[in-house]
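The values are calculated or read from the model by the stated rules, or taken from the named source; none is laboratory data. All figures in this text were calculated on a predicted structure; none of them were measured in a lab. Backbone-built Cβ (ideal geometry, glycine too); neighbour counts: all protein chains shown.
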Amino acid sequence: MNLRRDVFQAIADPTRRAILVLVASQSMTAGTIASNFDTARPTVSKHLQILTECELLTQEQNGREIYYHLNPKKMKEIADFVEPFRKLWEDRFNKLETIMKNYKPKK
Amino acid sequence: MEQKTKINAEDGKQELLITREFDLPLELLFKAYVEPEILEQWMGTKVLKLENKKHGSWQFETTDPQGNKHGFSGVIHEFIDQQRITRTFEMENTSLGAQLEFLEFEKLGDDRSKLNMHIVYRSAAIRDQYLQFGMSRGMDLAHNRLQKVAEKLK
């Protein structure tokens with residue numbers, strides 16, 4: 001439950017979501033990640049710390065650089081990984097249902 | 001709270017199953033899929049083209065909050081009124097490629113119907129990538145709701 005709360009908080013923030021999408025394409029250093037945002041560098045570091053703490057990102061030392069990877073295994077392990085996708089469809093289908101309940105056929 | 005929409009995404013598989021039961025007659029459920037002006041409302045997309053027939057094609061376009069346009073398109077392989085639509089789906093300008101979708105519409109009663117959506121991707125990796133992409137987009141669209149959930153969990 002604790003983990004789930006953390007992950008929800010982690011992905012509730014738009015910058016953190018943007019970081020996940022960015023790192024999903026390729027692993028990169030904190031500097032490279034920060035250069036993609038207008039946000040102050042310490043703020044980005046804080047976001048990276050949160051994402052790393054809940055294991056959505058993993059760190060790998062490569063020489064003097066630390067690279068951040070997306071941890072897709074972790075994301076899949078969390079049942080809620082599919083949840084936003086499900087919710088997207090749930091919202092669409094709810095809308096469909098509401099629209100069609102009020103539908104008046106043109107005769 | 002009851003979850004009406006169910007998603008089955010088994011680990012390591014290249015497919016996805018979405019099911020949903022509606023408090024609607026089958027006829028109305030199907031109509032929501034074939035009438036462009038209705039589809040536009042619930043899918044939140046612009047319908048540029050929708051040929052509801054075998055060998056027909058379709059083309060949607062959505063505009064994100066930043067004003068960027070995203071194209072979606074495919075062809076229709078099978079179209080059986082109030083029963084089944086088999087089609088391809090592709091998110092244009094992404095590396096995800098085409099996916100195959102089997103939509104089955106089922107009558108459960110006079111005012112009850114069910115949709116089974118079976119999606120087959122090129123690989124399991126692409127399916128997961130798609131789910132991740134769905135996560136970021138879905139999160140934006142359903143953000144307020146999720147935030148409420150997150151706040152409750154604090």
- Mind counting the residues in segment B:69-89 that are among the basic types (Lys, Arg) and either touching a residue at least 60 places away in the same chain (Cβ under 8 Å) or surrounded by 14 or more Cβ atoms within 10 Å (Cβ to Cβ) (or both)? 2
- Task: Evaluate the following for B:Asp11: is it within 14 Å of chain A (Cβ to nearest Cβ) and out of contact with any Leu (no Cβ under 8 Å at 6 or more places or on another chain)?
- Result: yes
- Query: Within segment B:119-131, is there a residue that is surrounded by 17 or more Cβ atoms within 10 Å (Cβ to Cβ) and either at pLDDT 90 or above or assigned to a strand (DSSP E or B) (or both)?
  - Reply: yes
- Note on the structure: Restricted to segment B:17-44 and to residues being closer than 18 Å to B:Thr63 by Cα and crowded, with 18+ Cβ neighbours inside 10 Å, the residue farthest from the chain's Cα centre (by Cα) is B:Ile38
- Task: Taking the residues in segment B:92-107 that are assigned to a strand (DSSP E or B) and out of contact with any helix residue (DSSP H, G or I) (no Cβ under 8 Å at 6 or more places or on another chain) as candidates, determine which candidate is farthest from A:Ser25 (Cα to Cα).
- Result: B:Glu104
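Table: residues versus (1) surrounded by fewer than 16 Cβ atoms within 10 Å (Cβ to Cβ); (2) at pLDDT 90 or above; (3) touching a Lys or Arg at 6+ places or on another chain (Cβ under 7 Å).
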position: A:Val7; (1), (2), (3): no, no, no
position: A:Ala12; (1), (2), (3): no, no, no
position: A:Ile33; (1), (2), (3): no, yes, no
position: A:His47; (1), (2), (3): no, yes, yes
- Task: Would you check if there is a residue in segment B:55-63 being within 14 Å of chain A (Cβ to nearest Cβ), farther than 22 Å from B:Ile126 by Cα and either in contact (Cβ under 8 Å) with a residue 60 or more places away in the chain or not charged (D, E, K, R) (or both)?
- Result: no
- Could you check, for segment B:50-68, whether at least one of its residues is of a type in the set (D, E, K, R), surrounded by 13 or more Cβ atoms within 10 Å (Cβ to Cβ) and under 29 Å from A:Lys73 (Cβ atoms)? no
- Working only within segment B:1-47, note down all residues that are part of a helix (DSSP H, G or I), over 24 Å from B:Tyr130 (Cβ atoms) and touching a strand residue (DSSP E or B) at 6+ places or on another chain (Cβ under 9 Å). B:Leu26, B:Glu27, B:Leu28, B:Leu29, B:Phe30, B:Val34, B:Pro36, B:Glu37
